[in-house]
Amino acid sequence: MTKPKEPTVPLERITQTIVVLRGHKVLIDADLAALYGVPTKRLNEQVRRNLARFPEDFMFRLTAAEKAQVVADCDHLAKLKFAATLPTAFTEHGALMAASVLNTPLAVEASVFVVRAFVRLRETLSTNQAVMHKLDQLERKIETHDQAIVGILAALRELMTPPDPPKKRKIGFVTEEE
């Protein structure tokens, strides 16, 4: 049995380059090109030549505001700040399609690790959602327990307060008019 080949790019590095834009986990073209071992210009050139393979759910062009956000949030993308063109974001499927249009051995190999990074993020997200669901349930239980405890404390306070002294009857003959 052969040992699995060590990744050329650590999975953690790929995971760190994935950002969330427009509700999608994406890789910016500069990061994807670096992972696949090609210049960003070559990656974008191949994408333009094969646009039919890249529908909107595979890739999209960032707006100026999104570019500014990505540059501010990701230190390794600071070089994009002064780029003349807006970067492209690739979803998981777009990253795989980019590997197929580049068709270099490194791109094919790295695409496997890109998929694993996206899967790991998906697993982490689902684990976090399960934990959040449990916390919500616990919070609801605590709220009902808090209300019950407040009721118990109020009942205890009532029991602990001494009763009003009973009214004493006057000595002597008393008529009803009085």
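Please work out if L121 is farther than 13 Å from A33 by Cβ, within 21 Å of the chain's Cα centre (by Cα), touching a residue at least 40 places away in the same chain (Cβ under 8 Å) and not in a loop (DSSP other than H, G, I, E, B). So L121 passes the test.
The residues in region 72-83 that are assigned to a helix (DSSP H, G or I) and within 23 Å of P39 (Cβ to Cβ) can be counted, and the count is 8. If you go through region 18-34 and keep only what is under 16 Å from V112 (Cβ atoms) and part of a helix (DSSP H, G or I), you end up with just L32. If you filter region 80-96 down to residues that are aliphatic (A, V, I, L, M) and under 16 Å from A117 (Cβ atoms), you find that the one that is modelled with the lowest pLDDT is L96. Considering region 78-119, the residues that are of a type in the set (D, E, K, R) and over 20 Å from D57 (Cα atoms) include one that is surrounded by the most Cβ atoms within 10 Å (Cβ to Cβ), namely E109.
Look at (1) in a loop (DSSP other than H, G, I, E, B); (2) under 24 Å from the mean Cα position of the chain (by Cα); (3) of a type in the set (S, T, N, Q) and you find that Q69 fails only one, number (1). Scanning region 101-116 for residues that are without any contact (Cβ under 8 Å) to a residue 24 or more places away in the chain, in a helix (DSSP H, G or I) and closer than 21 Å to L51 by Cα turns up just one, V108. Assess whether T144 counts as being out of contact with any His (no Cβ under 9 Å at 6 or more places or on another chain), polar (S, T, N, Q) and at pLDDT 75 or above. Yes; evaluated as a whole, the condition is true for this residue. Modelled with pLDDT of 85 or more and either at positive phi or acidic (D, E) (or both): is that true of D75 in this structure? Considered against the rule, which asks whether it is modelled with pLDDT of 85 or more and either at positive phi or acidic (D, E) (or both), D75 comes out as no.
The values are calculated or read from the model by the stated rules, or taken from the named source; none is laboratory data. Computed from a prediction, not measured in an experiment: that's the story for all the values here. Cβ sites come from the backbone with ideal geometry, for glycine too, and all protein chains shown count toward neighbours.
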